[in-house]
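> Quick one: the structure is below, and I'll ask about it shortly.
The values are calculated or read from the model by the stated rules, or taken from the named source; none is laboratory data. Values in this document were obtained by computation on a predicted structure and should not be read as measured data. Cβ coordinates were reconstructed from backbone atoms using ideal geometry, including for glycine residues, and neighbour counts include every protein chain displayed.
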Amino acid sequence: MPPAPAILHVDIDAFFAAIEQIRNPRLEGRPVIVGAGCIASCSYEARRFGLHAGMALSEARRLCPDAVILEGHAQIYRCFAETIFECCRRIAPAVETYLDEAYCDLTGTARLHGDLLAAARGLKRDIFERTGLTVTCGLGPNRMLAKLVGKTCKPNGLAAIAAEDADAFLRDRPIEQLAGVGHAHARTLRSMNIRSIGDLRPLTVEVLVALFGAPGRLLQERCRGRDTAVVHQREIPLSISRETSFHRNTADPLEIEGMLEYLVGRACRTARELDIQPRTVAVRLRYADGESAAQERSLAAPSHADPVVLERILDLMRRLFTRRVALHNVGVTLSGFVAGAAEQVTLFDAEQAERRHALLRAFDGVRGAFGHGALVSGRALHLKGRLEEDRYGFLLRTPSLTK
Amino acid sequence: MPDLHLERIDEAVAVRADFQGGVVTPVAFRRPSREHRVVRVNARWLDRVGRHPTFYFSVIDEHGDVYQLRLEAADMVWRLDSVALEG
């Protein structure tokens, strides 16, 4: 008989803000906001004032004038997250990681760990000793239930749910808490007087598919506490985005194209590290007057080579940037990934593609050893002296901190 | 609105450190003007970007000032990375 599935969801409490508080004890007990433009993370002290991730900083300042606002240090947060994920990998054979959370597959480890709740308690202790950060853990028979039960005991909590209790646990929870129900789906369901997860159960799969398309099938399973999604060792992102606000609004084509080349270089390098190639590329821009524009295009063939992606990105940019207004923000997004390192080429440019691949491999090697800022190519040279730099490259200003 | 930020210093400093149990812990560091005794290590983290890792420490000295030190494993050189300033 196969072992009962057991998934442990680990969520880092108020991640970015908590790191800032332990790095600087003067921030302990004070409302702390991390973000530029909008809140990326805020401490529990700030949440008491009604602040939450995604809220505009202007609104946050109004609600909590005493909050300390920090732009954040994405690279430091990555270092802390990696230490936490290392702790997770010590107890679980498969761990799927995201920015501030992880799913640990503990299925079949009962003989190794004994009581899985005790193993989770040990993990929380280990993480706290190594980083000073607290995490909230939820243990359940699948990913969805593990995450949901963890939400009932935040922060620094630990909760578990058994498969036989799932039905009662889910029935009265708000429909928004069901995985796969976002704002739009929730609005639709609430307009039909479906307010709790239990209310969704009488709907047949045909109705749900008619309402939401293919995800309707998943919702029909999930509202009954069933979730068959497995824990993947490696995260393949849906998209890779890199964006920044200019330090001063600009219409200078050299600066704009230089920034795009830099952002493309960073995004493509991440794609090469993950061994995935995008089929689709997109440009987003926001003008100084707040108006924005975005467009995406497919590549002729999937590619994570900077010159291939950049050519299409610059083409999109020239079509999009039509107003005589300076730009405030630009961003690039790669999506539609296919796995595999080799660049798909036509017969006649195979040699050129091979040379390009070798050059990019060398670039990545140098940047891996000395930091991304060690090599600056082409148009991105125009950013030298205009933007601050550290060993990771130019300092970007981004609302999400992770892009 | 309180202003609290890290001011970058990035200067090489002499550091007395404890390597007991294979874990490095700064005990004191000397700037040209005087020695600062570390009374508490607030946080430590390891940055693996690059060929050689870099160890970072957020510390408080005896005057209650918060500094960030880093030890670059490539050449085992300590640098005073930044200081936290308020106001």
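> With respect to the numbered conditions (1) at pLDDT 95 or above; (2) away from chain B (no Cβ under 14 Å); (3) in contact with a strand residue (DSSP E or B) (Cβ under 7 Å, 6 or more places away or on another chain), which one is the sole condition not fulfilled by A:Ile84?
The number of the failed condition is (2).
> Restricting to the range A:208-265, name every residue that is farther than 27 Å from A:Ile175 by Cα, basic (Lys, Arg) and surrounded by 14 or more Cβ atoms within 10 Å (Cβ to Cβ).
Answer for the range A:208-265, where residues must be farther than 27 Å from A:Ile175 by Cα, basic (Lys, Arg) and surrounded by 14 or more Cβ atoms within 10 Å (Cβ to Cβ): just A:Arg242.
> Follow-up. State yes or no: is B:Ser82 polar (S, T, N, Q) and modelled with pLDDT of 95 or more?
On the way: polar (S, T, N, Q): yes; modelled with pLDDT of 95 or more: no.
In short, no.
> Is the range A:86-95 home to any residue that is part of a strand (DSSP E or B) and closer than 30 Å to A:Val231 by Cβ? So that I can check it myself, show each step before the final result.
Of the residues in the range A:86-95, the ones part of a strand (DSSP E or B) are A:94-95.
Subset that is closer than 30 Å to A:Val231 by Cβ: A:94-95.
Among the residues of the range A:86-95, at least one is part of a strand (DSSP E or B) and closer than 30 Å to A:Val231 by Cβ, which makes the answer yes.
> Another question about this same structure. So A:Asn156 fits all but one of (1) loosely packed, with under 15 Cβ neighbours inside 10 Å; (2) on the phi < 0 side of the Ramachandran plot; (3) within 23 Å of the chain's Cα centre (by Cα); (4) at pLDDT 90 or above; what number is the exception?
All conditions pass for A:Asn156, except number (2).
> Looking at the range A:281-300, which of the residues that are among the aliphatic types (A, V, I, L, M) and at pLDDT 90 or above is surrounded by the fewest Cβ atoms within 10 Å (Cβ to Cβ)?
First pass over the range A:281-300, keeping only residues among the aliphatic types (A, V, I, L, M): A:281-283, A:285, A:288, A:293-294, A:299-300.
With at pLDDT 90 or above added as a condition, the list becomes A:281-283, A:285, A:293-294, A:299.
On the way: A:Val281: 27, A:Ala282: 19, A:Val283: 26, A:Leu285: 22, A:Ala293: 15, A:Ala294: 13, A:Leu299: 20.
Ranking the qualifying residues of the range A:281-300, first place goes to A:Ala294.
> Give the residues of the range A:62-82 that are within 15 Å of A:Gln21 (Cβ to Cβ) and among the basic types (Lys, Arg), sorted by residue number.
none
> Looking only at helices (runs of 4 or more DSSP H) that fall completely inside the range A:14-67, which ones have 1 or more residues that are in contact (Cβ under 8 Å) with a residue 40 or more places away in the chain and more than 12 Å from chain B (Cβ to nearest Cβ)? I'd like the intermediate steps shown before the answer.
Working: elements: A:15-23, A:44-47, A:57-63.
Counting at least 1 such residues, we get A:15-23, A:44-47.
> Going through A:Arg217, A:Arg201, A:Arg222 one at a time, which residue ends up being of a type in the set (Lys, Arg) and in contact with a Cys (Cβ under 7 Å, 6 or more places away or on another chain)?
On the way: A:Arg217 fails: in contact with a Cys (Cβ under 7 Å, 6 or more places away or on another chain); A:Arg222 fails: in contact with a Cys (Cβ under 7 Å, 6 or more places away or on another chain).
Among A:Arg217, A:Arg201, A:Arg222, only A:Arg201 is of a type in the set (Lys, Arg) and in contact with a Cys (Cβ under 7 Å, 6 or more places away or on another chain).
> Only residues that are away from chain B (no Cβ under 14 Å) and either hydrophobic (A, V, I, L, M, F, W, C) or closer than 16 Å to A:Val95 by Cβ (or both): list them for the range A:117-139, please.
A:Leu117, A:Ala118, A:Ala119, A:Ala120, A:Gly122, A:Leu123, A:Lys124, A:Asp126, A:Val135, A:Cys137, A:Gly138, A:Leu139
> Give A:Leu139, A:Leu99 a once-over and let me know the one that is on the phi < 0 side of the Ramachandran plot and either assigned to a loop (DSSP other than H, G, I, E, B) or surrounded by fewer than 15 Cβ atoms within 10 Å (Cβ to Cβ) (or both).
Working: A:Leu139 fails: either assigned to a loop (DSSP other than H, G, I, E, B) or surrounded by fewer than 15 Cβ atoms within 10 Å (Cβ to Cβ) (or both).
Only one candidate passes the filter, namely A:Leu99.
> Quick one: in the range A:313-354, which of the residues that are in a strand (DSSP E or B) and farther than 20 Å from A:Gly265 by Cβ is modelled with the lowest pLDDT?
Within the range A:313-354, the subset in a strand (DSSP E or B) is A:327-339.
Pick out the ones that are also farther than 20 Å from A:Gly265 by Cβ and you get A:328, A:338-339.
Numbers: A:His328: 87, A:Val338: 87, A:Ala339: 82.
Per the stated criteria, the residue is A:Ala339.
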